[in-house]
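The values are calculated or read from the model by the stated rules, or taken from the named source; none is laboratory data. Model, not experiment: these values are computed from the prediction. For neighbour counting, all protein chains shown are included, and Cβ atoms are generated from backbone atoms with ideal geometry for every residue, glycine included. The accessibility values were calculated without ligands, DNA or RNA, using every heavy atom of the protein model including side chains. Shrake-Rupley method; radii C 1.70, N 1.55, O 1.52, S 1.80 Å.
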Amino acid sequence: MPEVAAELGIAKSTAYRWVRDIPLDVDARKALFAREHSSTTGHGQMMAEARWSEYRAERDARQAERVTGAAGSVGGLTQEELVRIGAMMYWCEGAKAKPWNSTRRITFVNSDAGLILVFLAFLRAVGVEQSTIDFRVQIHETADADAAVRWWAAKVGADRTIFRRTSLKRHNPKTVRYNTGADYHGCLIVSVRRSRAIYDMVEGLVIGVVRAAGRPSAPCDPWPQ
């Protein structure tokens, strides 16, 4: 920011206000880190950390405000909205028929418990009975598979005894894994037996949404040139 201020002939505080919401790219972060840690004195490092701690606190506060505001703008969902959201979620994350595999069966996999719960709400909305739903945990073989099954069973409100045998991902020593902490519960596979008709409905809804997006009821502003 001092370099920006000097180049444009403005105050450093003005430069900060202009660029405070712009994240640094990797090269800029490395250069900044090198400059701030080039001092051999602990005082220089303490000053740099204090300066950036204040910036990070302000950034995190703005981020939390934006997230909270967006979440609060969703007052509720109609069943029609829920069904369309569920269909689009499935088309993004679910298993789809391919030319070499024409199976048309609902199978949804995700590690986000919130998305899983929304998808289960979608299944209820379209009349799927709980007895036709299968659950299976998919997790790395070095993790606590039993604990993951208990965690997912509690999240979806199902008896863990109805979960199918856990699918284990084999360990690859060449892969650097970051999802190794206590918050790692693997993925949950949700599949629906005899669900070809629902799959067909989902595909049709996606086609309808795509068509509707091409002719929105309210005019959209053009992209800036």
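Structural remarks
- Residues in the range 111-120 that are within 30 Å of ASN172 (Cα to Cα) and either of a type in the set (Gly, Ala, Ser) or touching a helix residue (DSSP H, G or I) at 6+ places or on another chain (Cβ under 7 Å) (or both) were compared, and the one that is least open to solvent (accessible area, probe 1.4 Å) is ILE116.
Every residue, every condition in (1) surrounded by 12 or more Cβ atoms within 10 Å (Cβ to Cβ); (2) in contact with a helix residue (DSSP H, G or I) (Cβ under 6 Å, 6 or more places away or on another chain); (3) not charged (D, E, K, R), yes or no:
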site	(1), (2), (3)
VAL109	yes, no, yes
PHE122	yes, yes, yes
ASP144	yes, no, no
GLY157	no, no, yes
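- Counting the residues of the range 140-158 that are within 19 Å of VAL118 (Cα to Cα) and either of a type in the set (Gly, Ala, Ser) or part of a loop (DSSP other than H, G, I, E, B) (or both) gives 4.
- Residue list for the range 96-152, restricted to those being among the small types (Gly, Ala, Ser) and within 20 Å of GLY181 (Cβ to Cβ): SER111, ALA113, GLY114, ALA143, ALA145, ALA147, ALA148
- Scanning the range 90-100 for residues that are under 20 Å from CYS187 (Cβ atoms), surrounded by fewer than 18 Cβ atoms within 10 Å (Cβ to Cβ) and not charged (D, E, K, R) yields TRP91, CYS92, ALA95.
- Checking each residue in the range 125-142 for being of a type in the set (A, V, I, L, M) and open to solvent by 30 Å² or more (accessible area, probe 1.4 Å) picks out only VAL126.
- Of all residues in the range 188-208, exactly one satisfies the criterion of being closer than 17 Å to ILE133 by Cα, among the aliphatic types (A, V, I, L, M) and open to solvent by 40 Å² or more (accessible area, probe 1.4 Å), namely ALA197.
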